[in-house]
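First the structure, in the form of structure tokens, and then the observations on it.
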Amino acid sequence: MDRKASLKTADPEIYAAIQNELKRRREGLELIPSENITSRAVLEALGSILTDKYSEGYPGKRYYGGNEFIDVIENLAIERAKKAFGVPYANVQPHSGSPANQAVYFALMKPGDVVMGLNLADGGHLTHGWKTNFSGTLYKSFPYHVKSDGYIDIDEVERLARENKPKLIWCSTTAYSRELPFAEMSRIADDAGAYLAADIAHIAGLVVGGAHKSPVPFAHIVTTTTHKTLRGPRGGMIMVTQKGIDKDPELPSKIDKAVIPGLQGGPHNHQTAAIAVALGEALQPEFRDYASQIVKNAKALSEALMAKGIRIVSGGTDNHLMLVDLTPFGIGKGVLVQDALDAAGITVNKNTVPSDPSSPFFPSGIRLGTPTVTTMGMKEPEMKLIAGFIAEVIEEVKGFEMPEKERAAFAEQFRKQIKENKKIRMIKQEVAKLSSGFELY
Ligand code: DSN
């Protein structure tokens, strides 16, 4: 084995797959709201020699030698996180968002304690108390929902908190297009004596860039991923606010202990370095323009879709994403529209809509977001073009009805058929033309 060989020479199969993925992205449009495009500097840090080092523990308190420079890197990441979000404490070691949330439970809860979070099908996350996740099996979960207008049902949150005395309430979402009601949730959590945790994985970049209200004055704990609107590498962080420290001065050390030795071993130092770089970028003044353009683009996209008769849950968006409700075109069509858009070079994800009459695997909606296309430099005029492509694709899918049985086989057959559709092929060419006019990396 030649340790100095390039990837292309050393492993042509992996190299080719990466090149094909790059080509796929170059020729298409990525509208998955939880994805983004990292900078060259972030990628360089992520692909660095730091991946080789073990450093269990925290800066100045490691179980391994040789961590002088790792300490510099982790301290920089911590200081930048504190500055970016305006918090007194940050832990940058969680490997991603779910482990970060897991650490919050481990720090605060005993098995059987009560948790409340937004129901998964209403836009919550698995780790916010879903019945098949650890958070809904180890703990007693009382999920809240959105109302028929698509907004979080604050009255229900208040009633459930009064009745069930939760120890932890999440004000957190993964498929919710409206501003999060941090102030209302904070009042309810305080009345119940509960911790309020805000998992801002989706909106972290908007919060840092001033395009979404910050949870920091309201929540005790803030968790996030680092790879969505924040535009860093995959990773997670846990922050404690001044309000959190006032409620429980031991909170930072409880979180530190929950991450290691509670749940994880060595931190991923290459990831920590890349997070530090991304936070440095997010602290630049241009990042504010980026965050506000993400929201402007999402509003323009949702308005253009609605103008074409496509229903958007809650009638629009305040952030980077929107949920398209496809139920007027039939039940369970999310997967068909996702596959048809894929065939046209537009990447989205199928998603449940509130009170979805179908199942999570064959849901009746799709989720769209603008962080990636905004990083590419697209603005409102391009959002109108994209809305046009999406509307044309939906039109092509209208004639297909999702059957009640044998759905997987039907979807498989549909996928083959739609790739040959003349209109879809034409749209794919238009999409590639649009995408090629903007820079990806
Ligand atoms: N998988 C992420 C998303 O797409 O929103 C949440 O963890």
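Quick notes
- Subset of region 397-422 (residues that are in a helix (DSSP H, G or I), surrounded by fewer than 14 Cβ atoms within 10 Å (Cβ to Cβ) and of a type in the set (K, R)): K416, K422
- When we screen T327, T347 for residues that are closer than 12 Å to I390 by Cα, in contact (Cβ under 8 Å) with a residue 24 or more places away in the chain and among the polar types (S, T, N, Q), the only hit is T347.
- With respect to (1) farther than 22 Å from T173 by Cβ; (2) in contact (Cβ under 8 Å) with a residue 40 or more places away in the chain; (3) exposed (fewer than 15 other Cβ atoms within 10 Å of the Cβ); (4) not polar (S, T, N, Q), the lone exception for P360 is condition (1).
- Residue that is β-branched (V, I, T), buried (at least 21 other Cβ atoms within 10 Å of the Cβ) and not in a helix (DSSP H, G or I), where the choices are I366, I394: I366
- Any hit, region 150-170, residues being within 24 Å of F85 (Cβ to Cβ) and within 16 Å of the ligand (Cβ to nearest atom): yes
- Among the residues listed as P357, P371, P363, P381, the single one being touching a His at 6+ places or on another chain (Cβ under 6 Å) and either within 16 Å of the ligand (Cβ to nearest atom) or not polar (S, T, N, Q) (or both): P371
- In region 26-37, the residue that is nearest to the ligand (Cβ to nearest atom) out of those that are in a loop (DSSP other than H, G, I, E, B) and surrounded by 22 or more Cβ atoms within 10 Å (Cβ to Cβ) is P33.
- Out of A211, A194, A204, one residue alone is more than 16 Å from the ligand (Cβ to nearest atom), under 24 Å from R288 (Cα atoms) and touching a residue at least 24 places away in the same chain (Cβ under 8 Å). It is A211.
- Positions within region 234-259 being part of a helix (DSSP H, G or I) and of a type outside the set (G, A, S), in sequence order: Q242, K243, I245, D246, K247, L251, P252, K254, I255, D256, K257, V259
- Subset of region 176-209 [in a loop (DSSP other than H, G, I, E, B) and over 20 Å from I37 (Cα atoms)]: Y176, S177, R178, E179, L180, P181, G193, A194
- Test: residue in region 347-363 that is in contact with a Gly (Cβ under 8 Å, 6 or more places away or on another chain) and closer than 30 Å to E79 by Cβ: no
- When P217 is tested against (1) buried (at least 17 other Cβ atoms within 10 Å of the Cβ); (2) more than 16 Å from the ligand (Cβ to nearest atom), just one condition goes unmet, and that condition is (1).
- Filter result (over 16 Å from the mean Cα position of the chain (by Cα) and among the acidic types (D, E)) within region 90-131: D113
Every number here is computed from the coordinates shown, using simple stated rules; none is lab data. Everything quoted here is computed from the prediction, not taken from an experiment. Positions of Cβ are generated from backbone atoms using ideal geometry, with glycine treated the same way; all protein chains shown enter the neighbour counts.
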